[in-house]
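Reading through the structure tokens given below for one structure.
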Amino acid sequence: MHVVVVGAGEVGYHVADRLVGLQHDVVVVDVEPRRLEYVANHLDVAVVEGSGTSMATLEEAGIQKAALLLAVTNVDEVNLVTCMSAREVEALTTVARVSNPTFYRDARNLRPAAFGVDVLINPERELALETVRLLKTTAATDVAVFAGGAVQLLGLMVAPGAPVAGRRLVDLAAEHGDRPILTVAVERDGATIVPRGDTEIRVGDHLFVATKAGEVATALELVGYQPATVRRVMVTGGSTEAYYLSHLLQQHRVQTTLLIEDRQRAQDLAEELDKVLVLHGDATDVELLELEGVGGADGFVALTEHDEINILSSLVAKRAGARQVITLVNKRDYIPLARHIGLDAAVSPRLSAANAILRHVRRGSVTRVATFEGSDAEAIAFTVSPASPIAGKSLAEAGIPAGAIVAAIVRGTEVVVPRGHDRIEVGDSVVVFTLPEAAQAVSEYFPA
Amino acid sequence: MNLREVLHVIGALLMWTAGAMLLPTVYAAGEGLFVPWMAASLGTAVLGLGLWRLTPREIRINPREGVAIVGLGWIAIVLAGAVPFIVTGTAPTVAGAVFESVSGFTTTGATIFPIIEDLPRSILLWRSISHWLGGMGIIVLGVAILPLLGMGGAQLFHAEAPGIPSDRLRPRIASTARLLWGVYALLTAMLAGLYLLLDMDVFEAVNHAMSCLATGGFSTRTASMGAFSAVTQWVTMLFMIVAGTNFTLHYRVLSGRLGAWVRDEEWRWYVGSMAVAWAMVFVALGVSRGGWGADAAREAMFNVTAVHTTTGFATADFGLWPAFAQVILLGLMFMGAMGGSTGGGFKSVRTGVVLKHVAGEIRKVLHPRAVVVTKLGGRAVRPEVLHNVLAFLALYVVTHGIGTLLLAAMGEDLVTALSASLAAMSSIGPGLGEVGPASHYGNLGSAAHLVLSLLMLLGRLEFYTLLVLVFPSTWASWGGTE
């Protein structure tokens, strides 16, 4: 598939990287030669200098043969006009990144069809939604939901004293066999493996667990956490992500404190957010954080634009006793570090954007894709077609390739977290957790 | 300031007033008062015409001139309005006549006359007309229909109908003023019609309708609304609430947006405080009398509404109510009606903004770094507006204090001095003590009448418009063109 990516910023770069990995032909367009040079040096893509709002530039990038146009600059209006320019091109799916909350405040503001936009993505809001999911599951490092939330894929760190610590999966299965909880991956010492029955779980392991929505609390207890409700959350940063998150928390009636360093931005957001206590101050001001009761907070979310400030303030919050600390980290290299120094979960705008876009990129039988921070593994939801070689077979018969595992089977409203004897039928939605080496083999099992 | 241009407009305003004086002459002839009425009207007209002709026709109204026109214009109008009371021999003193005229135009409704039924009909009608003209604003009316005021209309509009600037109904101020006056006239006609269907004759219906929509309070009966049936009182109560509501909302509702009232935050405060006051007074009356009948409910609701909307009709002597209920009335006298209504007082919107601001300050004590925003209808109140409101509060309190002090110096008792000055500033009418609803202001001396007249004008024009007149810088570049 030929893909044109307009915008070589963080989001554009990362999406292009993922698309190349999926064997697509990618052309990156940007007005800034230096950014293009960086992209060209690091990724196997073609680059075109110019504005996506110019049809000439788009044609140079091969828009006529493209199946997908991703307008992901950090200027909403440029993205919209880019899609508008290309609206005449046939058989082209256009994706525009639009982040400004004003556009979404009123349904009359943004009518994608009027701009020739097929899909709108809002990475900042996606990130805020993901953060809310993390806060809801208290101890999770990652949360991906499928089938409208009925299937949950959680990343969990095994806490000291956890009931599962030191046990083999096969023993656990015998003990908790009636529970629809399935360990799909174990990340240990920087490597992710799909476990076997004799894999022993240790304290400090990063588990990926598939479960039904109703069993999240059980899963948390097994890895050593007490389920709890979220009443009070402190957020730092004046970013768009911080706005969306505070807005969502306000809607969930969570008592929210928002700490912003910029005076004017603090004033603006205080006007926007009725029920949020907006403070003007430095996110690393230990005295202020303590005065505002960070120690007793159920959650602390660091969303400033600077990774270093986010990590530092998260450490302060964790030390002061905040129950769960979520940190926005842009730089990939910082993510393992953040986990190593004891921060609970990391979120990244880059990844949120990629997830939002990739969901629309994979066509055919794929309905949803989730990727995880700090890991190359993916969870993909497929719809089983009659052409599938495993339709009508049980999992034991199907012979799922090594490095992949079926995490859930969704049949209508029924969710099965499967074992070997469960069958896959035509029309089912199947969630597969796969390591990169098995991805190609898995996709052959689920033709369109 | 260009005084000559100001006088030009004031000349026009006086001619207007003279024209309005012609209306009561319909009744004057039958009462043997035709000559005095014509003299009053002609005298005012000649004075107005003189000022009009002797000053330049080209006018340019800057903010300073706008304020001066409204401030001086109102003084000229109320003085002219006092003339009929003098020349017909109804008012015992000149100060009394001025008081009655100011009370009329400022829609206060306080009267010096002990027995209203003894007054000639022409005078009764003039009192109601003065209410009606002053209610929506005689200068706003000028802006609405006099093209010559079109230039500086916005300044005039805001100087006469100040408060917190609300949305214009139309981009042009003259069109906005026309719509507001149109709504006002329509509602007045509706109420007059209802009164006719109930128990009033044409004369009484027209008078009471004008008085009610202006939140005035002058009646044609000594017993005020107490002279009419229960149904009439309920209807009056409803229209008092309407008159105390921002007329911009009425326009929206009349043009089909039925939710305009409920969506307005100030309206919710206004109706909310009204309902709370109803309940508290009803309970206070019930407890003190041991009775909870429908009549007691009507008595509590009507008089609370009359005070809250700053109308000042009465159906009972609330001077006899328990002190708890009277204190509630004093609170309502202070607060008054909505901004943009014909009512007076500190206004619901300002009360709400001040209370929200206070809540924000308390929040700041708990969270020293909190960024606190005072909001009104979902929008932040700009700091300038907030400062203006706080300064207005200070002015209100200080002016009330000075007024009370002056009346006490003239020998009035504490309750009378306190309530009379408050009732004057907030354009209520009846106060408590010597000036309660069962009594009148006729027993006060001329000095007290003048003090109260000044308080009424200050309250009606919301201080700034009059106060700037005593600042020397207002008069700088006297007669110049700058």
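Computed from the coordinates by the stated procedures, all read-outs in this text should not be read as laboratory data. If you're wondering where the values come from, they're calculated on a predicted model, not measured in any experiment. We place every Cβ from the backbone using ideal geometry, glycine too, and count neighbours over all the protein chains shown.
Summary of computed values
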| quantity | calculated |
| --- | --- |
| Relative contact order %, chain A, counting alpha carbon pairs below 8 Å whose residues are six or more apart | 11 |
| Peptides B:175-183, B:239-247 ordered by average Cβ neighbours within 10 Å, highest first | B:239-247, B:175-183 |
| Structure-based [θ]222 nm, the protein assembly as shown - -39500 (n - 2.57) summed over DSSP H runs of at least 4, per residue, nearest 500 | -15500 deg cm²/dmol |
| Distance between region B:225-269 and region A:1-42 - C-alpha centres, whole angstrom | 63 |
| Radius 9 Å from Cβ of A:Gln250, net charge of other residues (Lys, Arg +1; Asp, Glu -1) | +1 |
| Projected-area average for region B:168-438 over all orientations - Cα convex hull basis, square nanometres | 16.8 |
| Magnitude of the charge dipole, the protein assembly as shown, Cβ model with Lys/Arg +1 and Asp/Glu -1, debye to 20 | 1780 |
| Under-5 Å amide H pairs with A:Asn330, H placed in peptide plane, nonlocal only | A:Asp307 |
| Efficiency of FRET from Cβ geometry, A:Ala113 and B:Lys375, R₀ 35 Å, rounded to 0.05 | 0.50 |
| Separation of the A:Lys136 and B:Ala39 label points, Cα + 7 Å toward Cβ, nm | 8.6 |
| Antiparallel DSSP beta bridges within the protein assembly as shown, percent to nearest 5 | 55 |
| Counting DSSP beta bridges with both ends in region A:139-294, the antiparallel % (nearest 5) | 70 |
| A:Ala387 versus A:Gln64: modelled label distance in nm, points set 7 Å from Cα along the beta carbon direction | 2.9 |
| Shielding by partners, peptide B:362-372 (average Cβ within 10 angstrom, other chains) | 5 |
| Given A:Lys136/A:Lys393; A:Lys275/A:Lys318; A:Lys136/A:Lys331; A:Lys212/A:Lys318, the pairs whose alpha carbons are separated by over 27 Å | A:Lys136/A:Lys393; A:Lys212/A:Lys318 |
| Counted charge near B:Gly89, where neighbours are those whose Cβ lies closer than 14 Å (Asp, Glu -1; Lys, Arg +1) | -3 |
| Under the Debye formula (equal points on every Cα, no solvent term), log10 I(q)/I(0) of region A:232-351 at q = 0.09, 0.11, 0.12, 0.13 Å⁻¹ | -0.20, -0.30, -0.36, -0.43 |
| Amide proton proximity set for A:Val29, modelled H, under 5 Å, gap of 5+ | A:Val5, A:Val6, A:Gly7, A:Val48 |
| Share, in percent, of DSSP beta bridges within chain A that are antiparallel, nearest 5 | 50 |
| For A:268-281, mean number of other protein chain Cβ atoms within 10 Å | 4 |
| Along principal axes, Cα extents of region B:282-407, largest first, whole Å | 53, 34, 27 |
| Most fluctuating residue given options A:Leu222, A:Leu135, A:Leu80, as computed from a GNM of chain A linking Cα atoms under 10 Å | A:Leu222 |
| Selection from A:His42, A:Thr102, A:Ile121, by position along the positive dipole direction of region A:2-121 (Cβ) | A:Thr102 |
| Summed residue charge, Cβ within 14 Å of A:Val194's Cβ, Lys/Arg positive, Asp/Glu negative | -4 |
| Label-point separation in nm, B:Val94 to B:Ala185, each point 7 Å along Cα→Cβ | 3.7 |
| For A:Arg368, distant residues with modelled amide H under 5 Å away | A:Ala381 |
| Stretch gain in nm, segment A:Ala91-A:Arg332, where the contour uses 0.36 nm per residue and the Cα spacing is subtracted | 83.3 nm |
| Rounded to whole Hz, the Karplus (6.51, -1.76, 1.60) HN-Hα couplings of region B:28-36, x for glycine and proline | 4, 4, x, 9, x, 10, 4, 5, x |
| Segments B:333-343, B:319-329, B:363-373, B:82-92 sorted - mean Cβ within 10 Å per residue, highest first | B:333-343, B:82-92, B:319-329, B:363-373 |
| Proximal lysines to B:Lys347, defined as alpha-carbon separation beneath 18 angstrom and excluding residues fewer than eight positions away on the same chain | B:Lys356, B:Lys375 |
| Mean Cα-pair separation over length for chain B, i.e. relative contact order, pairs under 8 Å, 6 or more apart, % | 19 |
| A:Asp333, A:Asp44 arranged by Cβ crowding within 10 Å, fewest neighbours leading | A:Asp333, A:Asp44 |
| Rg/Rh ratio calculated on Cα atoms of region A:86-190 (Kirkwood radius) | 1.16 |
| Dipole magnitude of region B:259-381 about its Cα centre (Cβ charges: Lys, Arg +1; Asp, Glu -1), debye to nearest 20 | 660 |
| Which of B:Arg379, A:Arg18, A:Arg179 has the fewest Cβ neighbours within 10 Å, and the rest in rising order | B:Arg379, A:Arg179, A:Arg18 |
| FRET efficiency for B:Ala359 and B:Ala279, using Cβ-Cβ distance with R0 set to 22 Å, rounded to 0.05 | 0.40 |
| Rg and Dmax of chain B, Cα atoms only, in Å | 21.7, 74 |
